[in-house]
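Working notes for the structure below.
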Amino acid sequence: MSKSIGLFLAAMLFSILIAGQESAQQDTVSVKRIQSLVAQGYYSKARIALLKMPQEFKSGAQAAELTGDIFGGLKQWDSAMMYYERFKKMDPKNAAGHFKYGGALGMKALEKNKLSALMYLDDIEAHFQKAVEVDRTYVAAHWALIEYYLQVPGFMGGGVDRAMEQSDKLFGVSPVDGWMARARIAEKDEDLQKAEQYYDKALREGQSLWTYRGIISFYERQNRWDSAFDKLNKAMTQFQDLSLNYQWAKMSVLSGKHVEQGLTYIRQCIEPQAKVEGIPEQWIRLRYAQLLRKDGQNKAALAQVNRALALEADFAQALQEQKDLKKLLN
């Protein structure tokens, strides 16, 4: 099994946090808080909050799913699988159980040697397939299968053709996802012209934050910075989402373009009331430091790196940035 499929499974594992019904109206706020903590990566806090929930809730299917999410976030895959197995049994008509169990199994497989990991491939595929059988509209499972087929060689049951077959099924569920999947497949197949056409079709049909991100990231991967910034600027006129501010700052760091605007946007991400979904604060601080360095403000940059490291002491990228800045300041 390749490393890339594992990285994909890690991302997919938490793409759907809660699919079941809440056990009672009075628990709604607490459940959403636990979901938010999981989404932000605060797994220990989420576990503590879950343990404070009423016993009736803790013994239910949704609690089993949440606990699996928490252990998955902590990379304790055996425990995650145990709770996802419980979730599957308690709510057999919920496709999320099979999907998440398959994802956890994939991550467990990565911890073993390559030969042992190969033994898990059929089971991983089977759980994703089962999720689609339980609910053909379960988009995340379609995506998981597409990526699975793209990463697994043809002689082992994968390949571009199988991925395309799955994308056709996904297209029947969601045309926007179908175009995005075809773009992903074309890019994987190194047909960049066709990939761009598909990303553009997805954007024109979806006009969503996700479809904008898809084509922006495509241009970023191709180092087509002018096109990436153009699309990002259009997205920012339509959506008030600070993750786009972060994206601008990140691209300014990588390209060296529009640094002043990058500084303006990243500062908005660290204002007291700011909340950037899916981006840990330490990454925001690092991007701020990198932009400050590009702007010649090395002392201020070092202060931001130190704040990033206060949040995550073994943050490798921040440690390297700190080392580089200290050399510049000496």
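The values are calculated or read from the model by the stated rules, or taken from the named source; none is laboratory data. What you are looking at is a predicted structure, and each value in this text was computed from that prediction instead of being measured. Positions of Cβ are generated from backbone atoms using ideal geometry, with glycine treated the same way; all protein chains shown enter the neighbour counts. With ligands, DNA and RNA removed, areas are computed over all heavy atoms of the protein, side chains included. Shrake-Rupley method; radii C 1.70, N 1.55, O 1.52, S 1.80 Å.
General observations
- Measuring against 24 Å, Cα to Cα, the residue pairs K88/K108; K201/K294; K75/K169; K100/K231; K234/K257 contain K201/K294; K75/K169; K100/K231 as the ones spanning a longer distance.
- Prolate/oblate/rounded label for the stretch 173-246 (Cα gyration tensor, a/c 1.5): oblate
- Net +/- balance of residues flanking A46 in space, Cβ distance below 10 Å, scoring K and R +1, D and E -1: +2
- Cα-based helix-to-principal-axis angle, 259-269 vs the chain, degrees rounded to 10: 50
- Taking all protein chains into account, the per residue accessible area for the chain stands at 50 Å² (1.4 Å probe).
- L115-N330 FRET efficiency (beta carbon distance; Förster radius 30 Å; 0.05 resolution): 0.05
- Carbon/sulfur fraction of accessible area - the chain, other protein chains in place, 1.4 Å, %: 49
- Degrees, to the nearest 10: 281-294 long Cα axis against longest axis of the chain: 30
- About its Cα centre, the chain has a charge dipole of approximately 960 debye under the convention of +1 per Lys or Arg Cβ and -1 per Asp or Glu Cβ, with nothing else charged.
- Shape call, the stretch 274-324: gyration tensor on alpha carbons, a/c limit 1.5: oblate
- Residue-span extension gain [F155 to D295] - 0.36 nm each, minus C-alpha spacing: 45.3 nm
- Neighbour net charge for N298 - beta-carbon separation under 12 angstrom, K R +1, D E -1: +2
- Computed magnitude of the charge dipole of the stretch 24-153 (debye, nearest 20; Cβ of K, R +1, Cβ of D, E -1): 420
- Acute angle (nearest 10 degrees) that the helix 121-134 long axis makes with the longest principal axis of the chain, alpha-carbon atoms: 80
- Rounded, prolate or oblate (a/c below 1.5 giving rounded, otherwise prolate when a/b exceeds b/c) for the chain by Cα gyration tensor: oblate
- Protection proxy ranking, peptides 78-86, 97-105, 190-198, average beta carbon neighbours within 10 Å, highest first: 97-105, 78-86, 190-198
- Highest mean first, the peptides 152-159, 138-145 sorted by other C-beta atoms within 10 Å per residue fall in the order 138-145, 152-159.
- Segments 232-239, 268-275 sorted - mean Cβ within 10 Å per residue, highest first: 232-239, 268-275
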